[in-house]
Amino acid sequence: MGPACDWTKGILGTASRSQAIGLLTYQLGMDAKVPKAKNPPQGRFRGGLLLVVGTAVLGMGRLTPAQEMLDQSARQAMQQGGEAMAAGNSSAAVTAYSTVTQNAPAFAEGHLNLGLALFQTGKLDEAAKALGKALQLKPSLRGANLFMGIIAYRQNRFKDAETLLLRETRLDPHSAKGFMWLGICRLAANDPAGAIAPLDKAYELDPKDVDILYHRSRAYLLVANASYEAMFQVNRDSVRVHQVLGEAYAQAYRNDEAIKEFKRAVEMAPAQPGLHEELGDQYWIAGDVDKSAAEYRNELKVDPYAATSMYKLGSLLVRNQNPAAGVDFLRRALKADPTLSDAHYYLGDGLMDLEQDQDAIGEFKQAIAPDPANDRAMSSYYKLAQIYRKLHDQDQAQAAMQNFLKIRSESKARQDGRATNAVRKRAELPVDDPDRSSP
């Protein structure tokens, strides 16, 4: 059953995999509190936070030493409790596990399971008592501190929750949920900076957990917002304030406002690296390619080693009937930063215009190599099909066109029902749409 089953085994401590009735997924549906910001006020996140837990039940296989102390009635009650939890009947599980703890008061796992069942019924104080008894009997029992920490969090005892969750992460350094809840507690205690480290660790352990991703993103967002707020407080008319406003407008696709803010930043600090390039990006998006090219050239005057500005200027020139100059800039960009794989595509495009077909083929192949299934590879295969057809190499032309059609079909399927993401990385340029021209 994969890592989740191993996590369950870790909680149970003494239970082997064959002695577990399975995994139970609890929809905790609790309020994950977030720090209050001065402006605007923050709401409360209603979290559907999934925790996978298990129950220490008796089944087939050799009994562990801890379970051998149970008599037949206690073993049967453990079985009944596990089945009730698996069926979502937590009240029946409480009854069954209560029988276990009465018949075997020294069996720590029985108290742990009783605590989990009580937790699920919402009886937090009783659950904490049962979990505390489990830890008293077996301090190394994994899972008990986690749920006691969650209970303390639910009761707004954030310091107590942090202490318990720290203890859980020390007992089980592979507990992604333990680190996640530690981060959540620090967020609730208005310490987003302190929440980042445990949430980063949770992400490292389970990078596909959406709850971890949400809370980690929120911690970084709160820290960033606090830093921006401090910038505004220091000087609302500083270069950096205008730059960050320009970046915010750019991400919101408000190009006119972004241009205005970047222009103001450039006027205040014309020698500040990066500003001319950002302004050039916005002019390009707005369709003013002459101003865009001028700003990229200004950036290179400020920073002659700005590889991304070389790349963008070269690409712009290739796309606007100056392939010779564009090819020169693109080659310089790739020499300065060979990781700019998209530059190979535009370099191939420029070489096509210059009728240097064999060199263009090599560049398109290098554009495809990093990811043979992305949109840039799709456009590169289309260009290759054109070159091979021109060279009368029908086999290669047909193979390139088949790859193009395959990737295009897969791409359209992925985009069906959702908008294309228009936010690009600093070194990304638009991908040509081959559908706009005929093969």
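Our summary gives segment 277-397 a relative contact order of 14 percent, counting only alpha carbon pairs under 8 angstrom and 6 or more residues apart.
Each peptide among 147-153, 328-334, 288-294 gets the average number of other Cβ atoms lying within 10 Å of its residues, and from highest to lowest they stand as 147-153, 328-334, 288-294. Our compactness index for segment 64-208, the C-alpha radius of gyration over the empirical 2.2 N^0.38 Å, is 1.11.
Estimated at 0.36 nm per residue, the fully extended path between Arg297 and Ser409 surpasses their Cα-Cα distance by 36.5 nm. When each of the peptides 195-207, 388-400 is scored by the mean number of other C-beta atoms lying within 10 Å of its residues, the order from highest to lowest reads 195-207, 388-400. The order of Lys208, Lys123 by accessible area, most exposed first and with a 1.4 Å probe, is Lys208, Lys123. The listed residues Tyr305, Tyr381, once ranked by accessible area (1.4 Å probe) with the largest placed first, stand as Tyr305, Tyr381. With Cα atoms defining each centre, segment 94-165 and segment 338-373 are spaced 61 Å apart in the structure. In the assembled protein chains, Val302 presents an accessible area of approximately 50 Å² (probe radius 1.4 Å).
When each of the peptides 218-227, 184-193 is scored by how many other beta carbons lie within 10 Å of its residues on average, the order from highest to lowest is 184-193, 218-227. Dividing the mean sequence gap of close Cα pairs (under 8 Å, 6+ apart) by how many residues segment 154-213 holds gives a relative contact order of 29 percent.
FRET efficiency for the Glu247 to Asp395 pair, using the beta carbon distance and R₀ = 45 Å, is estimated at 0.40.
Across segment 310-321, rounded Karplus estimates of 3J(HN,Hα) from the backbone phi angles (6.51 cos²θ - 1.76 cosθ + 1.60, θ = phi - 60°) give 4, 4, 5, 5, x, 5, 5, 5, 4, 6, 10, 6 Hz, Gly and Pro being marked x.
The values are calculated or read from the model by the stated rules, or taken from the named source; none is laboratory data. What you see is a predicted model; the values in this text were computed from it and never measured. Every residue, glycine as well, gets a Cβ built from its backbone with ideal geometry; the counts of neighbours run over all protein chains shown. Surface areas here come from the heavy atoms of the whole protein model, side chains and all, with no ligands, DNA or RNA. Shrake-Rupley method; radii C 1.70, N 1.55, O 1.52, S 1.80 Å.
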